Every structure is written in structure tokens, then in C-alpha cells.
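Just below is one structure, and these are the notes that go with it.
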Amino acid sequence: MRYSQYFLPTSADTPSDAVVISHKLMLRAGMIRKLAAGIYTYMPFALRTIHKISNILREELNRAGAIELLMPAVQPAELWQESGRWSQYGPELLRFKDRKDGDFCFGPTHEEVITALVRSEIRSYRNLPVNLYQIQTKFRDEIRPRFGLMRGREFIMKDGYSFDADEAGAMVTYWKMYEAYRRIFHRCGLKFRPVEADTGNIGGSLSHEFQVLAESGEDALLNCGSCDYAANVEKASERNDAAAPDPAGFLPVETVDTPGMGRIEEVSAFLQRPPEQFIKMLVCLADGTPVAVLVRGDHELNPVKLKGLLGADAVEMADDAMVLSAAGAPAGFVGPIGLKGNLRLLADHAVRGVLNGVCGANQADKHRIHVNPGRDFQAEYADLRMARAGGRCPKCEGGVLEAHRGIEVGHVFYLGLKYSRAMKAQFLDAAGKENPFVMGCYGIGVTRTMAAAIEQNHDAHGVIWPMPIAPFHVILCPINPKKDEEAGRAADALYGELTQAGVEVLHDDRGERAGSMFADADLLGVPIRVAIGARGLKDGIVEIKRRNEAEPARVPLKEAARVVQDMIRQDLEKYA
RNA sequence: CGGGGCGUAGCGCAGCCUGGUAGCGCGCCUGCCUUGGGCGCAGGAAGCCGUCGGUUCAAAUCCGGCCGCCCCGACCA
């Protein structure tokens, strides 16, 4: 591609409303332009990367036995009413009416459409499993779109859905997709990590997110330094083996005055006892019903775990008035001893290990000391706390958890029967009996992957594309070609030669000064830059520089095409 | 949806408090000059000051409504 014939407007300065680096660089590099909040035009340069990512997706998914189709973006409300999500989904679902006043939405996801399709087409176990995917524009009316393509409203997504005859088959499919995802992100040239994820409102037990590792990532991850355990903090656990202490050490409970001290730090300082010795009681509302939850004083409740345990749609902290009415004591002084009978009491595993602990006394300005779980109260124990870096790995002996940040670019999800049951999508098994399909769903944010690639691969000057998803392999920079005809001729010849060989070349024939050209080359992040100028040509030399290296290689002009092709091949093989 | 902020030339911003001729840098156009890391000089085009209304002799500036956008929070495959 000749730059002078292309549509690639770059800019030296950053629009003020961009916060994250991928957004800034994509604007400066002429990759995207905003049309409305969270809605962007993908400019030609960006579209090339979108196509490259899409093609890697197709190759790997097809290899794994999935089949591409394309469903409508606009969906009728009836389907969503069948699954129950028309009322559940909330304002994030963009709804509208057609001219006949019928309700429709712009699809944020396609479980309903695909389930209806498979329901009407597949009757027999003989035709299972099927695994279908599409690459399509989605719309989610995000509460707060931000960070450019990282959290847009309109975005391109690969979404896939599998249908199996039984759970065992669905598991096979699930892990096949998991492996395909590993290959996909590896082939994109990204540093990533699959992590265990919360299954959210869908329930079920099996879900993994594929996280591109980047400091700017919105998701906090924990992984074991010794084994392959890795999870989103929402899901992550620490080892839960706190043993109940020996009752021989139990001291009698006492009530002490703690005037005005409702916070752990205050009471801890006042009583000279460390927060680990505290039993913190929180009152939460699970779909409106109060429950009491105990965590150790130095721990945090993980609301996602609580929500999952209770099977609730929403969990929130009770306000002070609710605490008072549910527990009978002011917030800050509630405790597990002598609770109102009907209040359910849950506790994190770590609470079991507290010996002679401190907790609220269920009356204002008083705490109890020498409180011992088991002797002084009974609770339902579960994993309810936030895991932390430095915590012990739940999976291996001796491993310690480390913290990272990531950008969620893919998600594989075991759905089970949720949609097939709700929508009566059934097949006949070998015994002639009707069964609901066992489903899985698998998403990859294509445009988000592009943004994540930039978040992970950039420097002060611009993007540094991994070769497999770079919009071009090479950028050709003839120095002063209008004056120096030899440079111009050599560049044109090399351009022709490389293009013939199938190399994707951006030929910067704009006649810009060297400084501007190099600055743009760095900004655009094309992996290989070839500079052709009088300085080298007098010795028959051109300079070939990788974007991620500081020094160029000086290569005879005659060999330039071959050297460039070798470099590209090397890079691509690394990610094959 | 709660809190905060911003809308002035394509982009980044000043001007607003204290009402009276709309300005700077970048970019763009012309010419000369220069040419290996965003050259220099000279000339030029370009703005219904988001929008509607109010106050005033006079509004970018003061007041109110609306719209849009951004940031923080809650939410989210």
C-alpha cells in the first residue's frame, strides 16, 4: 500500500478525552474515530488488524471443529421473553420497536437466537454435538462506556455456542474450546493467562476468562507462583485449612466498653489486639433478605462468593437502619453471640481458627473478648473472603498467590441446561427420550483484543504490534525521494519485490521529512522499518530496524527483500 | 443513576470572574528555503463561541432549561 494513496491520518497530539494508552494511540494512529459515546469507526489501518485477529479465530475454531455462521443483529423480544431475559437484562439491552410496534433489541449476545435455531433444526442425538460461532457487531448500552475500544458500547465479538447430548460431551467440548482459545491468543502474539472465573448469575461451576496481562487491566488476578492455579479475584480462593483451636486454651467471654469505636482499627488499637483476632460481622441483604456474615478482622468479604453461595441475584450491604433492625444493635457493634433467631449466620472458613477473639457485643459501645467459634456460636462455614496476594495457594502445597492485572478478552462458559430448558430445546436420545441440550458458550472480544494488544505492547513513541496481528509487516521509508532519485527508485523497486512476495508493505511515499516519517512509523508500530537513503545507498546499504529494537541492521540493498522476509517468517513461527 | 467537570477554528487550549473589535499553538492552503528523528521564513483560509430562552443599549462572558461529552462511583461477557 502506498501511503499517499491510503487513508491513514496520524496526529502528533492527543485528544484530551482519552485516558488509557490504547485509546490515545488508536486516535493518534488514525485507527479509530468516535461517532458517539462508546461507538467508533474502525479506520482502514485498524480494520486490517481486526481482520487478522478474525482470521486467526477462524482458523483455530475451525480446526477445533466449530462452524461459522452469521445470525441477525436485530432480535425479536419474543425470544428473550422465552428465556426470561427480556425482563432480567436491564437497560444495557438496547430495545426498540419496529414500524408495526413490535418489540426488538439489538443483540448483545445470541444464546436465544442460537438456541431457537438449533431447537428447530436438530432432533436427534445422532446430529450432536454441534458447535457454531459467528463474528459480529454487538451492542451493549453500557452504563458508562470508557477507555475507547476497551469498553465500548458497539464492539465486534466472536461468540460461539455448543450443543451436546450430555454433560460429559459438553465437558469435552468445553476443554476443546479452552485449548483453542489458548492457541488463538498465543498466535496473536499476546501474553495472556486463562483464569478461573465467577459464573455470575448463570450459575454452574465452570468458567474461564482469558486475560491479556497488562498493568492497565480492569481485572485483578491472582495466580500461584508454584503451580498453574490462576483465578479472577472475584473467584480466587486461599487455602482454607484453619483448624479449630484446642478448647483447653479457651478463656471465659467478657464484655468490655469500647465507647464510640465501631471500626476494627479503633477497637484493635484500643484493646491492643491485632485485627486477625477479630471476628467481623457484616449484615448483607441478599435479594432483600438480611443475612449475617462473619469474616476475620483483617479479611474482606467477597460479595460475589456470597451471592453465589446464596444463589441470589443481588447482594448489597445493609444500611445502618437495616443493621439495627436485623441484628438488634447499631452498626459497628454487631456480633454473632445472641443473634435474633431468624437471622442466618454464615462465616468464612478462617473464622474457625480464631482463638479468644473479639467481636461486637450486640449493644452500643461494647465488644466481647475471648470469643471462641464453636463454643460461643454456631455458623455455616464457607469460602467467603477475598483472596489476597501473599495468601496460600488452594491447589498446591506451599504455593503463594501473586497479583496481576488483566484485560478480559475471552470467556469460556459451561451453560448446562439454562437456555435449553427455558426454551424447551430438546433432542431425542438413543432410547427415544426427550432431553434438553447441554450447552456451552464462548466469547472473544475482537476489538477489545486489538486494544489489549496495544495496552500490552507500546512505548513512549507508539504502538509495537506483534507480527501476527500487525496491520502491515513492513513500513518502507525512502529518505528525501524527490531530490534523491536513487532512493526513490530503490524504494519503489523494493516495494514491488516485497509486495510480489506477498509481504504486506506500507510504502511511505508521501515525501515527508525523515523526522516526520520515522515518528509516524514508530507511532503506527509496524514491526519492521526499512529506511532507504543516500547515506546508506552510496555503499549499497539499506537500514532494516525492528520496531522493538533500538539499532538498525545495515543490509545490502540486494539482500533486503530476503532479510525482511526472513524476519517476518521468524516472528510468525514464534507464534505458530 | 449519584457526585464532579467540560462544550470557543480540524486538534489542543486561552478569553468568561470584571459584558463592548474572538485569540494562541499545532494542523491546513500559497510561495521561498530546508531535507537521516515531528525544519525555517513570509503570506493566507477557516469559528452562529453546543443549543434554546432570559437579563441588558450591548452576551462567548451574567441567569435558566435542554443536548452532548469526559472523570469518579455503583454495574458489567
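The values are calculated or read from the model by the stated rules, or taken from the named source; none is laboratory data. For clarity, every value in this text was computed on a predicted model and none was experimentally measured. Reconstructed Cβ throughout: ideal geometry from the backbone, glycine too, with neighbour counts over all protein chains shown. Ligands, DNA and RNA are excluded from the accessible area calculation, which covers all protein heavy atoms including side chains. Shrake-Rupley method; radii C 1.70, N 1.55, O 1.52, S 1.80 Å.
Measuring nothing but how far apart in sequence close Cα pairs (under 8 Å, 6+ apart) lie, relative to its length, chain A scores a relative contact order of 17 percent. The trypsin sites (Lys or Arg not before Pro) of region A:85-125 that DSSP puts in a loop, and whose beta carbon has at most 11 other beta carbons within 10 Å, are A:Arg99, A:Lys100.
Using a 1.4 Å probe on the protein chains only, how many percent of the accessible area of region A:1-70 belongs to carbon and sulfur? The computed percentage sits at 56. In region A:472-574, the portion of solvent-accessible area held by carbon and sulfur atoms comes to 48 percent [1.4 Å probe, whole percent, DNA, RNA and ligands not counted].
Which pairs break 28 Å Cα to Cα here: A:Lys24/A:Lys191; A:Lys24/A:Lys235; A:Lys280/A:Lys418; A:Lys34/A:Lys158?
A:Lys24/A:Lys235; A:Lys280/A:Lys418
How many angstrom lie between the Cα centre of region A:395-433 and the Cα centre of region A:48-98? After rounding, the separation between the Cα centres reads 18 Å. Cross-link partners for A:Lys424 among the aspartates and glutamates, with Cα-Cα distance under 18 Å and sequence neighbours closer than 8 places in the same chain left out: A:Glu78, A:Glu82, A:Glu111, A:Glu112, A:Glu121, A:Asp164, A:Asp166, A:Glu167, A:Glu434.
Hey, got the dipole for chain A? About the Cα centre, +1 on K and R Cβ, -1 on D and E Cβ, debye to the nearest 20?
Dipole of chain A, to the nearest 20 debye: 1020 debye.
Here region A:247-382 is treated with +1 on each Lys and Arg Cβ and -1 on each Asp and Glu Cβ, and its dipole about the Cα centre works out to around 380 debye. The mean accessible area for residues of region A:207-361, using a 1.4 Å probe and ignoring ligands and nucleic acids, is 43 Å² per residue. Quick one: Debye curve from the alpha-carbon atoms of chain A only, equal weights, vacuum; give me log10 I(q)/I(0) at q = 0.06, 0.10 Å⁻¹ to two decimals. The Cα Debye sum returns log10 ratios of -0.43, -0.97. Computed from the C-beta positions of A:Thr14 and A:Arg569 and an R0 of 41 Å, the FRET efficiency is 0.70 to the nearest 0.05. The longest part of chain A holding none of the exposed loop GluC sites (Glu not before Pro), meaning those outside H, G, I, E and B in DSSP with at most 12 other Cβ atoms within 10 Å, is A:1-214. In region A:391-447, the alpha-carbon atoms span a convex hull of 168 Å³ per residue.
Placing unit charges on the Cβ atoms only, positive for Lys and Arg and negative for Asp and Glu, gives region A:472-574 a dipole magnitude near 160 debye about its Cα centre. Pairs A:Lys52/A:Lys138; A:Lys176/A:Lys574; A:Lys52/A:Lys483: which exceed 30 Å Cα-Cα? Long pairs (Cα-Cα over 30 Å): A:Lys52/A:Lys483.
Residues within the reach of a label modelled at A:Lys538 (point 7 angstrom out along Cα to beta-carbon, backbone nitrogen below 20 Å), restricted to region A:486-518, are A:486-491, A:514-515.
A cut-off under 11 angstrom between Cβ atoms defines the neighbours of A:Ala531, and their net charge, with Lys, Arg +1 and Asp, Glu -1, is +2.
The aspartates and glutamates within cross-link reach of A:Lys482, meaning a Cα-to-Cα straight distance under 16 Å and a gap of 8 or more places when in the same chain, are A:Asp492, A:Asp508, A:Asp509, A:Glu512. In chain A, a dipole from Cβ-located charges (positive for Lys and Arg, negative for Asp and Glu) runs towards its positive end, and of A:Ala165, A:Thr289, A:Leu557 it is A:Leu557 whose Cα lies farthest in that direction. No disulfide-compatible partner, judged by a Cβ distance under 4.7 Å, exists for the following cysteines of chain A: A:Cys105, A:Cys188, A:Cys284, A:Cys359, A:Cys441, A:Cys477. The residues packed around A:Trp80, meaning those with a beta-carbon under 11 Å from its beta-carbon, carry a net charge of -3 if Lys and Arg are +1 and Asp and Glu are -1. Across the options A:Val113, A:Met150, A:Val130, the greatest Cα extent toward the positive end of the charge dipole of region A:97-151 (unit charges at beta carbon of Lys, Arg, Asp, Glu) belongs to A:Met150. Computed in the context of the full set of protein chains, the accessible area of region A:247-382 at 1.4 Å probe radius has 53% of its extent on carbon or sulfur. The distance from the alpha carbon centre of region A:550-570 to that of region A:484-525 is 14 Å, rounded to a whole number. Positive contributions from Lys and Arg (+1) and negative ones from Asp and Glu (-1), summed over other residues with Cβ under 15 Å from the Cβ of A:Leu70, come out at +1.
Give, in nm to one decimal, the length gained when the segment between A:Ala73 and A:Trp175 is fully stretched (0.36 nm per residue of separation minus the Cα-Cα distance). Kindly include the intermediate steps, with their values, before the conclusion.
Details: separation 102, 0.36 × 102 = 36.72 nm, distance 2.81 nm.
Stretched fully, the A:Ala73-A:Trp175 segment lengthens by 33.9 nm.
The calculated 222 nm mean residue ellipticity attributable to helices in chain A amounts to -8500 deg cm²/dmol, summing -39500 (n - 2.57) over DSSP H runs of n ≥ 4 and dividing by all residues. Toward the positive end of the charge dipole of chain A, about the Cα centre and with charges on Cβ (Lys, Arg +1; Asp, Glu -1), which of A:Ala29, A:Phe185, A:Pro373 goes farthest? Most positive-ward Cα: A:Ala29. To the nearest ten degrees, helix A:111-121 and the longest principal axis of the Cα atoms of chain A are 80 degrees apart. Amide H contacts of A:Val74 (H built 1.01 Å from N, in plane; Pro and chain starts excluded): A:Gly107 sit under 5 Å, all sequence-distant by 5 or more or on other chains. Against chain A, whose longest principal axis comes from its Cα atoms, helix A:485-500 is set at around 60 degrees.
Axis of helix A:446-456 versus longest Cα principal axis of chain A: the two differ by about 90°, to the nearest ten degrees.
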